[in-house]
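No lab work stands behind these numbers, since they all come straight from the coordinates. Given the structure is predicted, the values throughout are model-derived calculations rather than measurements. Ideal geometry is used to build each Cβ from the backbone, glycine not excepted, and the neighbour counts take in all protein chains shown.
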Amino acid sequence: MNMSQHAILRSRQRAISPMVIDLLLEFGSVTPAGDGASKVFFDKTARRRLKTYAGTLAGVINEHLDVYVVVGADNKVITAAHLTERIRRH
């Protein structure tokens, strides 16, 4: 996982574990965030893919999935944050 110093700092400040970020990058849904960046988050489809992969562990992980990351055009994680509102797709 390629993360900027800003993303490392923000994920620590916001208690977002590297494992959740890895799962997000593997199973998350992507929407454009502008300037070539993408926002990756868990929607219903992504949560279903994760549940299929994780099996019974999905229930334990589920409470940590209300997060998103912004990935730059160079596939580097720019920042990580908790979702405070629904992501609207254009």
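Would you kindly identify the strands (runs of 3 or more DSSP E) lying entirely within the stretch 22-90 that contain at least 2 residues that are within 16 Å of residue 1 (Cβ to Cβ)?
Those strands (runs of 3 or more DSSP E) span 37-41, 67-71, 77-82.
Six or more apart or on different chains, Cβ atoms under 6 Å: show the pairs whose first residue is in the stretch 1-27 and closer than 15 Å to residue 83 by Cα and whose second is part of a helix (DSSP H, G or I).
Close Cβ pairs satisfying both conditions: 20/64.
With respect to residue 11, is the statement that it is part of a strand (DSSP E or B), out of contact with any Lys or Arg (no Cβ under 7 Å at 6 or more places or on another chain) and on the phi < 0 side of the Ramachandran plot true?
No: the conditions fail for residue 11.
Can you tell me which condition residue 34 does not meet? The list is (1) without any contact (Cβ under 8 Å) to a residue 12 or more places away in the chain; (2) in contact with a helix residue (DSSP H, G or I) (Cβ under 6 Å, 6 or more places away or on another chain), and all the others hold.
Among (1) without any contact (Cβ under 8 Å) to a residue 12 or more places away in the chain; (2) in contact with a helix residue (DSSP H, G or I) (Cβ under 6 Å, 6 or more places away or on another chain), the lone unmet condition for residue 34 is (2).
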